[in-house]
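Presented below is the structure to which this report refers.
The values are calculated or read from the model by the stated rules, or taken from the named source; none is laboratory data. Quick caveat, the model's predicted, so the values are computed rather than measured. Cβ atoms come from the backbone with ideal geometry, glycine included; neighbour counts cover every protein chain shown.
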Amino acid sequence: MRVLPFPCIRPVPEHAAEVAALPYDVFDRAEAAAYVADRPLSFLNIDRPETQFGPDQDMYAPEVYERGAELLRARIDDGTYVADGNRAYYIYELTWEGRTQTGVAAVCSVDEYEDGIIKRHELTREDKERDRIEHMRALGCQTGPIFTTYRDQPVLDVIVEAAKTATPLYDFTDDEGVRQRVWEVARPDAVEAIHAMFEQVPCAYIADGHHRTASAVKVAQAMRAEARAAGTLTGIEPFNYYLSVLFPASQLTILPYNRVVSDRAGMDVGGLLERLVAAGFTVEEADAPVEPERAGVIGMFTDGRWWRLGLGGALAAKVAGADPVAALDVSVLQEHVLAPVLGIGDVRSDPRISFVGGVRGVDELERRAGAEGVAFSMFATSIDQLLDVADAGLLMPPKSTWFEPKLRSGLFIHRIARP
């Protein structure tokens, strides 16, 4: 794989903790505005520039994206950010709840994404792509690193760990309790060692950030066309690569991504349970919230009570013989409960369904379900399942994986066009 060092725009160490922000898409509009209200240096101001306007402002208007570009220029001019001329790798370590994962911040090849060497497992939506496309074009930069993984490479692990013996560039604990440490790798022999080892990696997988990747690719395609028309295309321009952090698969943890449906589709509880049994599930009332501890078990909360759903014999046999996507618990729920029983045909667009991921627990499911809704607690999709689906060239249902901790935006910025 072509995984390259790059000249990084990054915060100066004394401001790194103030700058680092959760990804733009974990906030709704009101949450983003509230978050930045007393955090003027947070990168979320730049990542979600509609926060600089009133609530009635069209968040996709040209002036909104231009405001993001103005803010980035201002932060460079006032010294919050430095434009580092070194072509460097950055070792990015996140420690949360006693677990550490260490990745390499670098740029990956657009061509290798298009050729399937960098594999995906989710579909994207054009409207969400368009937002990030306009953001990249206005700023001339890629600002949110793509969370990428690869099957473990022990020699690369040794090289990365050796780099961590130096003094870190950044070392802080964020508001979510995640310790963030970053080391710059700019010494030529160390850069060459990392580059050479990634050349031995046959493929990589997008773990989180499908929309940002697809947007970066479309921006590259447009900028290539512009350069080709001008007769200046060389193939090595920065826009031919996109910002990533690459982690060994064994270090990653996927948390459950639960579902809530706003109503029981006109059924009372008894009618719903009958439909579930007819669909092939075993149903058992539980005396406590159900947080599944293995695949094939789904918790259900409705009308103030919890139920444990299991796979009956015929359904279990069907799932056991299924392809890597159909065997996922989220697929079983969709194909045998959400669509035929509750009438949720398209989870990407149906307003009756919402998703609760990550560290938000069963209390949140109960709150959202209320008196009339139905909540489902899931066993988390495994990293091996994700890799198997991607290797098979298949796609997971939407909202199948929730990675934690999230990569912070604002620590690494890749300029793809002149300011």
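Summary of computed values
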quantity: Residues located in the stretch 98-115, provided they are surrounded by fewer than 16 Cβ atoms within 10 Å (Cβ to Cβ) and touching a residue at least 40 places away in the same chain (Cβ under 8 Å); calculated: ARG99, THR100, ASP111, GLU114
quantity: Within the stretch 72-100, considering residues that are among the acidic types (Asp, Glu) and not in a loop (DSSP other than H, G, I, E, B), the one nearest to PRO11 (Cα to Cα); calculated: ASP84
quantity: Residue within the stretch 396-404 that is farther than 30 Å from ALA16 by Cβ and either among the acidic types (Asp, Glu) or out of contact with any Phe, Trp or Tyr (no Cβ under 9 Å at 6 or more places or on another chain) (or both) present; calculated: yes
quantity: Qualifying residue in the stretch 311-319 (condition: surrounded by fewer than 17 Cβ atoms within 10 Å (Cβ to Cβ), assigned by TED's automatic domain parsing to the domain that holds SER331 and closer than 16 Å to PHE376 by Cβ); calculated: no
quantity: Residue count, the stretch 212-246 (criterion: loosely packed, with under 15 Cβ neighbours inside 10 Å and not in a helix (DSSP H, G or I)); calculated: 5
quantity: Single match in VAL356, VAL374 (criterion: within 17 Å of the chain's Cα centre (by Cα), under 16 Å from MET300 (Cβ atoms) and of a type in the set (A, V, I, L, M, F, W, C)); calculated: VAL356
quantity: Selection from the stretch 132-145 of residues that are in a strand (DSSP E or B) and crowded, with 24+ Cβ neighbours inside 10 Å; calculated: GLN142
quantity: Condition met for PRO289 (surrounded by fewer than 16 Cβ atoms within 10 Å (Cβ to Cβ) and in contact with a helix residue (DSSP H, G or I) (Cβ under 6 Å, 6 or more places away or on another chain)); calculated: yes
quantity: Among (1) assigned to a loop (DSSP other than H, G, I, E, B); (2) without any contact (Cβ under 8 Å) to a residue 24 or more places away in the chain, the one test that TYR35 misses; calculated: (1)
quantity: Every residue from the stretch 1-23 that is part of a helix (DSSP H, G or I) and touching a strand residue (DSSP E or B) at 6+ places or on another chain (Cβ under 7 Å); calculated: PRO13, ALA16, ALA17, VAL19
quantity: Extreme residue, nearest to PHE281 (Cα to Cα), among residues of the stretch 306-326 that are out of contact with any strand residue (DSSP E or B) (no Cβ under 9 Å at 6 or more places or on another chain) and touching a residue at least 12 places away in the same chain (Cβ under 8 Å); calculated: ALA314
quantity: Residue match in the stretch 124-131 (condition: of a type in the set (Val, Ile, Thr), over 14 Å from SER215 (Cα atoms) and touching a residue at least 24 places away in the same chain (Cβ under 8 Å)); calculated: no
quantity: Residue within the stretch 286-303 that is over 30 Å from VAL182 (Cα atoms), without any contact (Cβ under 8 Å) to a residue 60 or more places away in the chain and part of a loop (DSSP other than H, G, I, E, B) present; calculated: yes
quantity: Residue in the stretch 243-266 that is assigned by TED's automatic domain parsing to the domain that holds ALA138 and in contact with a Cys (Cβ under 7 Å, 6 or more places away or on another chain) present; calculated: yes
quantity: Filtered residue count, the stretch 54-71, keeping only those that are free of Cβ contacts under 8 Å to residues at least 24 places away in the same chain, part of a loop (DSSP other than H, G, I, E, B) and not aliphatic (A, V, I, L, M); calculated: 4
quantity: Test: GLY79 is over 25 Å from GLY177 (Cα atoms), surrounded by fewer than 20 Cβ atoms within 10 Å (Cβ to Cβ), touching a Pro at 6+ places or on another chain (Cβ under 7 Å) and not aliphatic (A, V, I, L, M); calculated: no
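Per-residue answers, yes or no, for (1) assigned by TED's automatic domain parsing to the domain that holds GLU112; (2) touching a residue at least 40 places away in the same chain (Cβ under 8 Å); (3) under 24 Å from LEU156 (Cβ atoms); (4) not hydroxyl-bearing (Ser, Thr, Tyr):
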site	(1), (2), (3), (4)
PHE198	yes, yes, yes, yes
TYR205	yes, yes, yes, no
SER215	yes, yes, no, no
ALA220	yes, yes, no, yes
MET223	yes, yes, no, yes
GLU226	yes, no, no, yes
ALA229	yes, no, no, yes
GLU237	yes, yes, no, yes
TYR241	yes, yes, yes, no
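Okay, residues lined up against (1) surrounded by 17 or more Cβ atoms within 10 Å (Cβ to Cβ); (2) outside any helix (DSSP H, G or I); (3) at pLDDT 90 or above:
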| position | (1), (2), (3) |
| --- | --- |
| VAL332 | yes, no, yes |
| GLY343 | no, yes, yes |
| PHE355 | no, yes, yes |
| LEU365 | yes, no, yes |
| ALA380 | yes, yes, yes |
| LEU386 | yes, no, yes |
| LEU394 | no, yes, yes |
| LYS399 | yes, yes, no |
